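Below you'll find the structure, written out as structure tokens, and then a few comments.
Here, each number is a calculation from the coordinates, and none is a lab measurement. Keep in mind that what you see is a predicted model, and the values were worked out from it rather than measured. Note: ideal-geometry Cβ built from the backbone for every residue, glycine included; neighbour counts use all protein chains shown.
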Amino acid sequence: MRKTRILITMGCCLFAVSALSQAQSVQKAGLWESTSTMSFGGSQMPQMPQMPPGMQMPPGGGMGGPRTTQVCVTQAMIDKYGAPFSKPQRGDCTVSNISLKVDGMTANISCTGQVTATGTVEATFPAPGTAETKVHLTGTMQMGPNTRPVDITMQQKSVYKGPDCGSVQPMQMPADK
């Protein structure tokens with residue numbers, strides 16, 4: 001009877017370790033293509049900040065339209081976040097309370113600077129080589145001499161393209177709190 005309990009306990013431990021290692025190896029470092037959309041809550045839409053290099057505006061793309069970019073994701077980013085995760089382009093943002101799960105991750109995000117806001121990050125990994133991320137921030141945005149309240153949601157779908165990033169530079173990871 002005692003041996004049975006020990007074997008069951010060991011089996012459960014091995015299963016847990018296997019599930020954790022599988023979760024951490026679902027995604028791979030290398031070139032990813034990410035398509036993101038941004039939406040702004042409230043009646044006033046702020047002017048879109050300057051787009052980073054490599055980002056392409058779709059034909060006839062307006063505010064909040066999909067934007068596609070290729071990003072180089074390092075193994076350190078996969079180990080920490082499980083998949084591609086890009087911080088907002090404006091402001092100094094930190095990430096805290098990171099929780100990796102078998103099928104995704106959650107975290108808190110806090111930004112200062114042009115956008116002063118706090119919010120959440122939620123990512124799911126529906127299959128190896130795919131990730132869906134949602135970042136939601138509320139706070140204020142500096143617009144000239146004035147500040148305005150903002151409610152920003154960014155949704156991103158990413159697909160793994162291969163291990164070689166070519167000329168695409170690695171993504172910069174957000175700072176930890």
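What to note about this one:
- Calculated FRET value between THR35 and THR147, using beta carbons and R₀ = 25 Å, to 0.05: 0.25
- Farthest towards the positive end of the charge dipole of region 112-177, among the residues PRO126, GLN169, MET154, is the Cα of MET154, using unit charges on the Cβ of Lys, Arg, Asp and Glu.
- Extending 7 Å from the Cα toward the beta-carbon at both GLN155 and LYS28 defines two label points whose distance is 2.8 nm.
- For GLY113, the amide hydrogen comes within under 5 Å of the amide hydrogens of ASP92, counting only partners 5 or more places away or on other chains and with H modelled in the peptide plane.
- Shape metrics for region 64-169, restricted to C-alpha atoms - Rg then Dmax, Å: 14.8, 46
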